[in-house]
C-alpha cells in the first residue's frame with residue numbers, strides 16, 4: 001500500500017525523468033537547424049516573367065569594361081525554374097546547395113547537386129531550376145560580351161518532370 | 001537508517017539521472033560537428049612554388065573554345081597565400097568559406113568573408129590567401145583568352161601581416 005514516503009519517492013523519479021525529457025528536447029538539434037547559413041545572400045525576389053515559380057537573385061559581380069562576366073547567386077524554391085533560354089557567350093553554373101535540374105534541348109534532364117559545375121555552350125537552348133522537393137542555389141557566370149540572354153518558351157510540366165539521366 | 005528498499009529507490013533515481021545525462025550527451029551536437037561539408041571538393045594539394053603554405057586546388061571548369069573562363073576552388077590553410085601575381089584578363093574571386101585576405105599593389109589588404117565577391121582588374125599585381133588563424137576557401141574565375149597568370153615575388157611576412165582596411 002502506498003504511503004507518503006513512497007509517493008514522494010515516485011514523484012522524485014518521475015520528476016527526474018520529466019526533467020531529462022525536457023533537457024533532451026532543448027538540446028536536440030536537427031541537422032537542418034544547426035547548418036550554417038547559405039554562402040551568398042538570397043537577394044531579391046525576381047519579378048520578371050522569365051521564370052516559373054519563386055526565384056531569388058543576388059547580383060555578385062556586374063559585367064563591365066574590366067571583366068565581361070556577370071555573376072549572380074540564384075535561389076530557386078522547390079519546383080521553380082527558368083524558361084528555356086540561350087546565352088550568346090554561354091554560361092557556367094556552380095551548384096552551391098540543394099538539388100537542381102539542368103537540361104539542354106535534345107538532351108535528357110540532368111540532376112545538379114552541391115559542388116557540381118556545368119558549362120552551357122553559347123546559343124544552346126537550356127533551362128535550369130530546383131528539383132520538385134528541394135530548393136536549389138546556383139552561382140551563374142554569364143559572359144555579356146556578345147549580348148544579353150534570349151528568353152524563349154516556358155518549361156512545360158512534362159519537360160520539368162521528365163526522367164533525368166543517371 | 002537505509003534499508004534495501006530505500007537503497008533500491010535511490011539507485012533508481014540515480015539511474016534515471018545517469019541515463020538522462022547520457023542521453024543529453026548523445027544528442028548534444030556542436031555546430032561544427034553538424035555543419036554540412038564544404039561546397040566543393042578540396043582537390044589536390046598544390047605542389048608548385050607559386051604559393052606559401054599549404055594550398056589545395058579542385059579544378060571545376062577548364063577553359064576551352066566554348067568558354068575562356070577557367071574555374072577552380074582553392075583552399076588555403078591558415079597562413080597560406082599566393083605569391084604576388086597578375087592575370088592578363090583579370091580574375092573574379094568568390095569567398096565560399098572561412099576568412100581570407102586580398103591585396104592589390106598600392107592598396108591596403110582587404111579581409112574576405114564568406115559571400116564576398118572581388119573583381120581583380122587585368123594586369124594588376126595582387127595576392128590572396130587565408131587569414132593567419134582561419135582557412136579560406138575561394139572560387140577563382142580566371143579568363144584565359146589573353147594568356148596565363150604571371151607569377152611574381154613572394155608575399156613577405158610584413159606584407160601578409162599588414163593592417164587590413166576596415
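Nothing in this text is a laboratory measurement; each read-out follows from the coordinates by a stated rule. None of these values were measured; they are calculated from a predicted model. When we count neighbours, we look across all protein chains shown, and the Cβ atoms used for this are built from the backbone with ideal geometry, even at glycine.
Annotations
- Ordering A:132, B:73, A:70, B:131 from the fewest to the most neighbouring beta carbons within 10 Å gives A:132, A:70, B:131, B:73.
- Cβ crowding within 10 Å, taken as a proxy for footprinting-reagent exposure, orders B:123, B:97, B:49 from fewest neighbours to most as B:49, B:123, B:97.
- In the stretch B:44-160, Cα pairs under 8 Å separated by at least six residues give a relative contact order of 33 percent.
- Summarising the label geometry, the points placed 7 Å from Cα in the beta-carbon direction at residue B:159 and residue A:145 lie 2.8 nm from one another.
- Cβ-vector label at 7 Å, residue B:77, separations to other copies in nm: 4.5
- Calculated label separations, residue B:123, copies of the chain, 7 Å along the beta-carbon direction, nm: 3.2
- Normalised contact order of the stretch A:56-114, rounded percent, pairs of Cα under 8 Å and 6 or more residues apart: 21
- Ascending list, in nanometres, of distances separating the residue A:110 label from those of the other copies (7 Å, Cα toward Cβ): 3.1
- Ascending count of other beta-carbon atoms within 10 Å, so fewest first, for A:66, A:112, B:94: A:66, A:112, B:94
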